[in-house]
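Below: one structure, written as structure tokens.
The values are calculated or read from the model by the stated rules, or taken from the named source; none is laboratory data. Just so you know, these numbers come straight off a predicted model, no measurement behind them. Here the Cβ positions follow ideal geometry from the backbone for every residue, glycine too, while neighbour counts run over all protein chains shown. Quick note on the areas: whole protein, heavy atoms, side chains included, nothing else; ligands and nucleic acids left out. Shrake-Rupley method; radii C 1.70, N 1.55, O 1.52, S 1.80 Å.
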Amino acid sequence: IAYYKMSDATDESGNYDGTASNVNFNVAGKFGNAGEFNGSSSYVDASGLLSLFGSKNTNTVSLWFKTTTTSYSTLFSDYASTSLNNSIDLNGSGNIEVFTRYSNATSTISTTSGNYNDGNWHNVVHVVDTSGLTSTLYIDGSQIGSSVSISSNSWNGAVNQKVTIGALYYTVGSFYQAFFNGSIDNVRIFNKALSS
């Protein structure tokens, strides 16, 4: 339903253009240009996507990233205080962590080996299936571990929820944090659960 080439904040589908803040789109990407995020103030607000992420829905988020950061940072998030559909983070050790949470019941998958802050391009895909109640993580085309169960709890979102690329918008206090330092390319959003 949305495709951000990251040559700017435009959605190529024409539906959900984002708004960029302090993102340099004039860097070499995995495919053409990419968005370079500075780790302190860069993000893309894609809150038009609240039509999907503003409630409890099946979705898939795919993106490419490249970084050498050792700071905990967010690649994609629709954080809404006690509920979120899909959050993709990079921890200080360079491992990927993905989260799904409904009414404060959190399901998490974390990579325990393989550091992805090695300065190379990596593809991460997080699939959230609310009908099958599963969360599945793929990195560079391979599934990481097994699918995990997600909560059957109801959605309990926030009025000021945002969908962001390259940072997390913290709805309690209304500020951005966990800024990503590196490049993000080819962000694709689906309103279905992709298979392997």
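The figures follow:
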| item | result |
| --- | --- |
| Those residues of the stretch 71-83 which are part of a strand (DSSP E or B) and either over 11 Å from the mean Cα position of the chain (by Cα) or surrounded by fewer than 19 Cβ atoms within 10 Å (Cβ to Cβ) (or both), in sequence order | A80, S83 |
| Complete set of residues in the stretch 45-66 that are assigned to a strand (DSSP E or B) and closer than 12 Å to D78 by Cα | D45, N59, V61 |
| Some residue of the stretch 7-26 being among the aromatic types (F, W, Y), farther than 27 Å from S151 by Cα, modelled with pLDDT of 95 or more and within 14 Å of the chain's Cα centre (by Cα) | no |
| From A9, A20, A46, residue being open to solvent by less than 60 Å² (accessible area, probe 1.4 Å), touching a residue at least 24 places away in the same chain (Cβ under 8 Å) and closer than 22 Å to V98 by Cα | A46 |
| Inter-residue pairs, beta-carbon under 9 Å, first closer than 19 Å to S195 by Cα and of a type in the set (S, T, Y) and in the stretch 52-72, second assigned to a strand (DSSP E or B) and open to solvent by 50 Å² or more (accessible area, probe 1.4 Å), 6+ apart | T58/F190; T60/R188; T60/F190; S62/R188; S62/F190 |
| From T111, T100, residue being open to solvent by less than 10 Å² (accessible area, probe 1.4 Å) and without any contact (Cβ under 8 Å) to a residue 40 or more places away in the chain | T111 |
| Scope the stretch 49-70; condition surrounded by fewer than 18 Cβ atoms within 10 Å (Cβ to Cβ), under 20 Å from T10 (Cβ atoms) and either touching a helix residue (DSSP H, G or I) at 6+ places or on another chain (Cβ under 9 Å) or not hydrophobic (A, V, I, L, M, F, W, C) (or both); matching residues | S51 |
| From the options S83, S131, residue that is out of contact with any strand residue (DSSP E or B) (no Cβ under 6 Å at 6 or more places or on another chain) and within 18 Å of G54 (Cα to Cα) | S131 |
| So D118, is it closer than 22 Å to F31 by Cα and not in a strand (DSSP E or B) | yes |
| Leading residue by the ranking (surrounded by the fewest Cβ atoms within 10 Å (Cβ to Cβ)) among those in the stretch 153-180 that are more than 17 Å from S47 (Cα to Cα) and among the small types (G, A, S) | G173 |
